[in-house]
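The values are calculated or read from the model by the stated rules, or taken from the named source; none is laboratory data. Keep in mind that this is a model prediction, so the values were computed, not measured. Quick reminder, even Gly has a Cβ in these numbers, built from the backbone with ideal geometry, and neighbours come from all protein chains shown. What goes into the accessible areas is simple: the full protein's heavy atoms, side chains included, and nothing from ligands, DNA or RNA. Shrake-Rupley method; radii C 1.70, N 1.55, O 1.52, S 1.80 Å.
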Amino acid sequence: MSAPTALVPVDERTSLGRQARVRVPRSAHREWSEQPGRPDPVRLLEEQNEQRVPWLVPTRHSRMRVSPFTFYRGTARIMATDLATTPSTGLQVQLGGDAHLSNFGAYASPERQLVFDANDFDETLPGPWEWDLKRLATSITVAGQHLGFDRADWRGATAESVRAYREAMAAYAEMGYLDLWYEYLTVEAAATAAGADAAGIRKLVRRFETRARSRTSLQALAKLTEQVDGHQQFRSHPPLLVPMRELPGDVDPSALEHVVRQGFVAYKDTLPDDRRSLIERYTPVDMAIKVVGVGSVGTRCFVMLFEGRDEHDPLFLQIKEAGTSVLEEHLGPSRYHNSGRRVVEGQRLSQAQSDIFLGWSTGREGRDFYVRQLRDWKGSADESGGTPDRLRFYARLCGRTLARGHARSGDPVAIAAYAGKRDSLDRAITAFAESYAEQNLRDYEAFVAAIEEGRLEVADDSRRFGTWSIALSGTAAAPSRRTASAP
C-alpha cells in the first residue's frame, strides 16, 4: 500500500494523480491484444485444479461451460495474468481481485439494514486500482453480449459503470476521512437513486429486497436440512451438498470432522470478545461440504449447522478455503501469512459493513480458511426479463460501490485527479472491455474444445445451474457465435 495520505497535502496528492496521467495516459487503457507467449488459458485452469478436491473439479468445469459469462466468472487467474502485461498507474488500493458484477450484492449489516456492497474477496490483495475496474467493466460487456443486447446498449452500460466509478471517486476525494469511512449504500437508497423516471427499476429493487430478506437461517434450515430421529442434519444432494457422513473415497468422516472442529476453536480466537461470547452460546449440530459459486468450485468449503436456544434458532456458518491469491503471482506475496486472514482483512478494509462472524483459521495440511455466515439476507440481483436499463442501473451501482472500497484503502484524491472530469477514462476502459470480451470468448471456445476433446471432465450439474446466468439476467435472445451458450 502507499504511504498514509494524511502525511501528504491534498495539492501534492492531486499532483501525484496528474503525474501518473502523464506517465500512463488514460488512452493507454484502451487496447488489449494477446501478447506473444501468453500462457495457455486452459492450462492455467488445470494448474488451479491440482489444488482442488478432485471429485468436485468436473462440477467447476460444468458450471463454467454454461456460457461465456459463467466462464468469465472462473477466469480471475487468467485475467490477472493478462492485466499484469498492461500499463499501470502505480496508484495502489486494496483490490477485490475478482470484481465481476456477480460479486456484488446485498446482505444484512450489523445494524440490520440491507446494504449493497462487494461480497467476494477471495483474491484480495493491494494493487493498481484499474485492475478491478477493468474486470468489472469487461463483465458488464460480456453480460450484455450474453443477454443479446445491441452493441450500443452493452457499450453504454459498460461506460456507465466507469463513469459512476469516476464521479463517485471525485466525491470521495472531497470527503473527510470519517465521513468516507461511515459511507455505505442501503438497498432502499439504491431504489431512490434510480430517479423519478425509473419506477420499474424501483419496483425491481424492492422486490429484490423482499426476496433477500427472506434468505435467513430459518429458510436455510428448511432448504438444506431434514429431521432424522428428532435431530436436524444436512440433506444429501451430491455433489452440491455432501454431509460429512457421506464423503466419498477413503476419507475418514470422523477424522475430518475433528479437524474442522479444531479449526473452529482457533477461528473463535480471531473474533472480538463480544462476538466470541455470542458464538459460544450455539451448539454445533452437523457438518457438510457445499459447492458454492463458479470459480470457487473445488476449493474446500464446509458448512456447519448450529442450534441456539432451541431448534428454531439455527445458525449456519460457511468455512471456506483461502488459497494464495491469483494476484500474488504478479504483485508479490501478501503481508499476511494466513490466506484466510488476507481475505478477512481485505474485506474489512473494503466493505463498509462486514459480517459479525467474519474470521479465519488454519486446518489440516496447513490449509487456510475464512469463516462467515452462510445466509443472512444475502442476495444478488438475479431477475428474469433483463433489460438494457436494468443492466445500466446495476452497472452504476457496482461502479459506485467499487469506488468507495478503493477510496477507503487508497488515495481518492490522486485517483480522482488521474481519472479527470471528462469521459476520457470511460471511453478507454469501455474499449478495453470490448477487446477483452473478445479474448474471453476465444478462451471460452478453447475451454469448450478441451472438454469435447476429453482433456477436461465435466459433471452433469447443468440442469440446476444452466437456468442461472448473470445478475439481472433474463431470457437471452437467440444466441449468435458471440453470445452462444455451451453445447
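Say whether the condition of being touching a Cys at 6+ places or on another chain (Cβ under 9 Å), in a helix (DSSP H, G or I) and of a type outside the set (D, E) is met by at least one residue in the stretch 79-97.
Scanning the stretch 79-97, I find no residue that is touching a Cys at 6+ places or on another chain (Cβ under 9 Å), in a helix (DSSP H, G or I) and of a type outside the set (D, E), so the answer is no.
Only one of R427, R375, R455, R364 is buried (at least 19 other Cβ atoms within 10 Å of the Cβ) and among the basic types (K, R). Can you tell me which?
R375
For the stretch 186-244: of the residues being among the acidic types (D, E) and modelled with pLDDT of 85 or more, which is nearest to Q353 (Cα to Cα)?
E226
State whether one or more residues within the stretch 29-36 are part of a loop (DSSP other than H, G, I, E, B), open to solvent by 30 Å² or more (accessible area, probe 1.4 Å) and touching a Gly at 6+ places or on another chain (Cβ under 7 Å).
Among the residues of the stretch 29-36, not one is part of a loop (DSSP other than H, G, I, E, B), open to solvent by 30 Å² or more (accessible area, probe 1.4 Å) and touching a Gly at 6+ places or on another chain (Cβ under 7 Å), which makes the answer no.
What single numbered condition from (1) free of Cβ contacts under 8 Å to residues at least 12 places away in the same chain; (2) open to solvent by less than 10 Å² (accessible area, probe 1.4 Å) fails to hold for E50?
Condition not satisfied by E50: (2).
Looking at the stretch 86-102, I want the residues that are closer than 14 Å to E345 by Cα and free of Cβ contacts under 8 Å to residues at least 24 places away in the same chain and have a partner that is of a type in the set (A, V, I, L, M) and buried (at least 20 other Cβ atoms within 10 Å of the Cβ) with Cβ atoms under 8 Å, at least 6 apart or on another chain. Which pairs are those?
Between residues of the stretch 86-102 that are closer than 14 Å to E345 by Cα and free of Cβ contacts under 8 Å to residues at least 24 places away in the same chain and residues that are of a type in the set (A, V, I, L, M) and buried (at least 20 other Cβ atoms within 10 Å of the Cβ), there is no close pair.
Could you list all residues from the stretch 122-143 that are among the aromatic types (F, W, Y) and open to solvent by 10 Å² or more (accessible area, probe 1.4 Å)?
W131
Only one residue in V22, V42 is open to solvent by 70 Å² or more (accessible area, probe 1.4 Å) and hydrophobic (A, V, I, L, M, F, W, C). Which one?
After ruling out the rest, the residue left standing is V22.
Find the residue count for the stretch 458-487, including only residues that are in contact with a His (Cβ under 7 Å, 6 or more places away or on another chain) and either modelled with pLDDT of 95 or more or β-branched (V, I, T) (or both).
3
Consider only pairs whose beta carbons are under 9 Å apart and that are at least six residues apart or on different chains; among these, list those whose first residue lies in the stretch 287-313 and is more than 16 Å from H61 (Cα to Cα) and buried (at least 22 other Cβ atoms within 10 Å of the Cβ) and whose second residue is at pLDDT 90 or above and among the small types (G, A, S).
Once the first residue is more than 16 Å from H61 (Cα to Cα) and buried (at least 22 other Cβ atoms within 10 Å of the Cβ) and sits in the stretch 287-313, its partners that are at pLDDT 90 or above and among the small types (G, A, S) give A288/S236; F302/A288; V303/A288; M304/A288; L305/A288.
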